[in-house]
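The values are calculated or read from the model by the stated rules, or taken from the named source; none is laboratory data. Note that the structure is predicted; figures quoted are calculated from it, not measured. Note that we place each Cβ from the backbone using ideal geometry, even for glycine, and neighbour counts take in every protein chain shown. Keep in mind that these areas ignore ligands, DNA and RNA; they rest on the heavy atoms of the full protein, side chains included. Shrake-Rupley method; radii C 1.70, N 1.55, O 1.52, S 1.80 Å.
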Amino acid sequence: MTPTPVIHGIGICLPQTVLSNDDVIRRGQLDVNDEWIRTRTGITTRRQAPPGIATGDLALGAARAALASAGTTGTDLVLLATNTPDHPCPATAPRIAHRLGADGVPAFDLAATCSGFLYGLATACAFLRSGLYGTVLLIAAETYSRIVDPCDRNTAAVFGDGAAAVTLRPGDPDEPGAVLTTELGADGSGSDLITIKAGGSALPAHSRPLTRDQQYIRMRGPQVYRHAVRRMHQCASTTLDTVGWPLETVEAFIGHQANQRILDAVADRLGIAPRHRHGNIRDIGNTGAASIPLAMAATATAGSLQPGARTLLTTFGGGLTWGAAALTWPAATPVSHPHPAPPTTTHQQETPGCTRSSSSPTY
């Protein structure tokens, strides 16, 4: 009998530094106010990693926390979903495995932008169902503060830093934490909607001169909004059909914490009642691939759901990529790892001078 993947550990690691909307506005000299950001995104604060702390450091903290939550010290496979790896080469996951004391364990990065966690979840589930590995550690981590232009109001107010991880083991479909199905999709014709143009083989980082639009993440908000709502609704609906869950039986809905208006639009189209919608975008912003597991941890910590509750996840990101998953709510108690201390000597990040542009409004 094919085993069912089960989430049995959840861990998080968030930077201590909290940036308010006013902090973001002041730093980038943005021509907006706190109300403008809140009404368009639903965000009031976000976290920022200090200089000297990289994605791998946050990921390591979340990984240790997830293993502690699961009551274990090891794993057979390490997956890292991230859009902000420590280096273009090598991958970040092997170094995390080494720091966990898991040398020899296979480890690799997975890049699907904000859809990374669900792409990673589908990958982890495939390995577990195949019987190739007995346990999987899936980490999602981002330090978006390193790639966001502080002078761009479309992105500076949206993104934050953070990491979360889950552990998975083989189990039964009727137990808490069982991942019953996943649904993934992509459409490369929209690859120009969310981009960082420089740093790859098409436009190497050493190319000169590079413009701000090439160095930092750029997002065409209105187009992203339309695609996100449509794709998240479609794949979530397909997922419900696959597992045979009537809409009224769904007890929890958690979407990628991209923008509150997107989350509300998707939930409204699906017909999810407000009491079944869960998230934490207000406090930590859009943390990319880490957003869904961070929201799951916050929901579990609040005790809002009973183990076994029918749960629907859905996401959307650059690429374009999207996905959804149906699972029963885990029985795991989330563990938060202390924020990693920065090196004793660091170089303070400089905020480059801003030049105004006529960019389209956020979402």
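Accessible area per residue for region 70-155, computed on protein heavy atoms with a 1.4 Å probe, is 36 Å².
Peptides 53-59, 302-308, 228-234 ordered by packing proxy, namely the average of other Cβ atoms within 10 Å per residue, highest first: 53-59, 228-234, 302-308.
In order along region 25-36, the Karplus-derived 3J(HN,Hα) couplings, from 6.51 cos²θ - 1.76 cosθ + 1.60 at θ = phi - 60°, round to 4, 5, 5, x, 6, 6, 8, 9, 10, 4, 4, 4 Hz, and Gly and Pro are given as x. Summing Cβ point charges (Lys, Arg +1; Asp, Glu -1) relative to the Cα centre of region 207-276 gives a dipole of roughly 600 debye. Fraction of C-alpha pairs exceeding 38 angstrom in the chain: 12 percent, rounded to a whole number.
Sort 114-122, 249-257, 14-22 by packing, meaning the average of other beta carbons within 10 Å per residue, with the highest value first.
By packing density, highest mean first, the sequence is 114-122, 249-257, 14-22.
Here the contact order of the chain, divided by its residue count and restricted to Cα pairs under 8 Å and six or more residues apart, works out to 28 percent. Among 35-44, 162-171, the peptide with the highest mean count of other Cβ atoms within 10 Å heads the list, and the full ranking is 162-171, 35-44.
Taking each DSSP H run with n ≥ 4 as -39500 (n - 2.57) and averaging over every residue of the chain yields -9000 deg cm²/dmol at 222 nm. Looking at the chain alone, DSSP beta bridges between its own residues are antiparallel in about 70 percent of cases. Rounded to the nearest Hz, the phi-derived 3J(HN,Hα) couplings of region 37-49 under the Karplus curve 6.51 cos²θ - 1.76 cosθ + 1.60 (θ = phi - 60°) are 5, 4, 6, 8, 10, x, 9, 10, 9, 8, 9, 9, 6, where x marks glycine and proline.
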